[in-house]
Amino acid sequence: MRRLLSGLWSLLRFIWRWCWGALVLGLVVGAFYLGVQSEGGFAFTQEQAAAPPPPAEAGPSVKAPELTLPNAAVARAGIRTGRVIRAPAVHEVRMVGMLEVDETRLEHITAWTNGRVEAQPVSITGEQVTAGSTLVALYSPELLRAHQELLEGKAAVRALDASASEFMRERAHARLEGGREKLRQLGLSEAGIARLEAASSAQEVFEIPSQMGGTVLEVLVRSGDHVKTGQRMYMVADLSELWLQLTAYESDLSWLRYGQTVRFEVESFPGRSFTGTIAFIHPVVDEQSRSVPVRVNVHNAELELYPGMFARATALAQVDAEGEVIAPNYSGRWICPMHPEVVADSPSTCQRCGMALLSAEDLGYSSAKDSLPPLLVPAGAVLTEKQVGVVYLAAADSLQTTFRGRRVQLGPQVGDHYLVYSGLEVGDEVVVAGTFKVDSELQIRGLPSMMNLPYAAVPRRFQVDMATLEALRPVFAAYLSCTRRWPWTTSPRPAKPAPSWRWPSRRRL
Ligand SMILES: [Zn+2]
């Protein structure tokens, strides 16, 4: 028994001395390999880096399973096939929200001065008004005095003749300008002041116009009311443009871009869809709902849509072969960061807001131009939803169909398809219905299922340059150094050779 324990102790010491380094090396190299795998493989030389990636067939050590069935059995099992295609792909992001008044087209008409409502040409909510049309007539002693001063100043200027001194001229003009300035301070426009200046006598009642054409949403005063300076009297909105305020999930943000087209429906018009353009994506996520407000500009020239309507919307994000969001209509063009409808072919400024136009790349779109549309495989053909999927290729003749499993690198799901990064070609025929049946039939026959093949069966590589490899040199050197040292110290291994170990003989036991 003692000898047995001694033998075990010797075995442990042997393992400790000789296997520790190998174990550490194995773990580190294994972790490094897996880490590299998770990012898509590794190319160690420039020649290899320049070489095209190997096909994503089953790996070099694992043969892809094959299954051959008579065509009648394939039909009975309901197995259907489809083609891998290359076509434009649009990812749909669904959101809900509500129509609102465009804040930039909303006007509050307030009293310029203290006064009394003498007349009210517009007194009904919902009435349509044009820019410059009179909303209310206000009696104001203050305005009356200001108008009198303006007319007196004008009369003083008119009374000047050739014999008037320079001092008299300056004084008369200063009086006239003072009258104008007082009216400006009371809120009158230059056109309104010019009109008062042309009047023959001072007015007691002043008409207050709407600065903007639109719909009267609120009437807050009635004839005979006394109003104070700054008191709100009307709210007028131009409803020919509306805002659709949507709520997007945090997880959908990567698909949303400024300027994207949004299609939406409202309950008032079942079966009919309207469109708008994303004009603002809120830069902060709501902590409670984990959502982000998205604002959409909606053209409503026919005034069919009303603020307050509930809408179900779908943002359309077109993606390229790399899965990046693109905007072909903006490609190579310049867009206003405030008005997505303002698009120019060269760098310039927006005519509406004066801001410098930005390129599509500045707005977050992929810079890829004239790239091929993405490679798409029907979603029903893919067994897993991870980055690496399993599909079965089908090759049929007049009598039978052969299914062969293949692992492919997948991009995001876009509608009814997955983007394919590698592993399939255009025109490949794959099983789109009954994929599980094919896989389970393989297992029933004792063949390896594609679902159970090791992950390493998918060779993936990514290219690194020599500078990166040089940067990794100290890491390799450290590995090798570690294996030559005691694992717990930095001192060199003792010169004493490691004791050899043998299995204890039965005789000794
Ligand atoms: Zn603009």
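Since every read-out is calculated from the coordinates, none of them should be taken as a lab result. Keep in mind the model is a prediction, meaning the values are calculated, not measured. Ideal geometry is used to build each Cβ from the backbone, glycine not excepted, and the neighbour counts take in all protein chains shown.
Under a 5 Å amide H cut-off, with hydrogens placed 1.01 Å from N, residue 97 pairs with 311, 313 among residues at least 5 apart or on other chains.
Taking the Cα centre of region 208-317 as reference, the dipole from Cβ charges on Lys and Arg (+1) and Asp and Glu (-1) amounts to some 140 debye. Its Cα centre serving as origin, region 214-261 has a Cβ charge dipole (Lys and Arg +1, Asp and Glu -1) of approximately 260 debye.
For region 85-93, 3J(HN,Hα) computed residue by residue from phi via the Karplus equation (6.51, -1.76, 1.60; θ = phi - 60°) reads 10, 10, 7, x, 10, 10, 8, 9, 10 Hz, glycine and proline entered as x. Distance between the modelled labels on residue 471 and residue 131, one decimal in nanometres: 5.7 nm (7 Å Cα→Cβ projection).
Close amide-amide hydrogen proximity is noted between residue 327 and 366, each under 5 Å apart and 5 or more residues distant or on a separate chain (H modeled in the peptide plane; Pro and chain starts excluded). Ranking 178, 135, 125 by how far each Cα lies toward the positive end of the dipole of region 103-237 (charges on Cβ) leaves 178 at the top. A full extension of the chain between residue 211 and residue 96 corresponds to an added length of 38.0 nm, given 0.36 nm per residue minus the alpha carbon distance. The slack between residue 86 and residue 162, meaning 0.36 nm per residue of separation minus the straight C-alpha distance, is 18.6 nm. Our estimate of slack between residue 220 and residue 202, defined as 0.36 nm per intervening residue step minus the Cα-Cα distance, is 3.7 nm.
Distance from the alpha carbon centroid of region 200-214 to that of region 61-134 works out to 42 angstrom. Whole-Hz Karplus values for region 124-130 come out as 10, 5, x, 5, 8, 10, 9 Hz, taken residue by residue from phi with 6.51 cos²θ - 1.76 cosθ + 1.60 and θ = phi - 60°; glycine and proline positions read x.
Put simply, the C-alpha atoms of region 103-237 give a gyration tensor, and the ellipsoid matching it has half-axes of 34, 14, 11 Å, longest first. Couplings for region 179-185, taken from phi via the Karplus curve 6.51 cos²θ - 1.76 cosθ + 1.60 with θ = phi - 60°, read x, 5, 4, 5, 5, 4, 5 Hz in order; Gly and Pro are left as x.
In this structure the amide hydrogen of residue 411, modeled in the peptide plane, comes within under 5 Å of the amide hydrogens of 419, 420, 421, none closer than 5 places in sequence on its chain. Approximating the spin labels as points 7 Å out from Cα along Cα→Cβ, the residue 433-to-residue 329 distance works out to 3.6 nm. Approximating the spin labels as points 7 Å out from Cα along Cα→Cβ, the residue 104-to-residue 316 distance works out to 2.4 nm.
Charge dipole (Cα centre; +1 on Lys/Arg Cβ, -1 on Asp/Glu Cβ; no other charges) of region 103-237 amounts to roughly 140 debye. Using 1/(1 + (r/R0)^6) with R0 = 51 angstrom and r between the beta carbons of residue 351 and residue 445, what's the FRET efficiency to the nearest 0.05? FRET efficiency, residue 351 to residue 445: 0.10.
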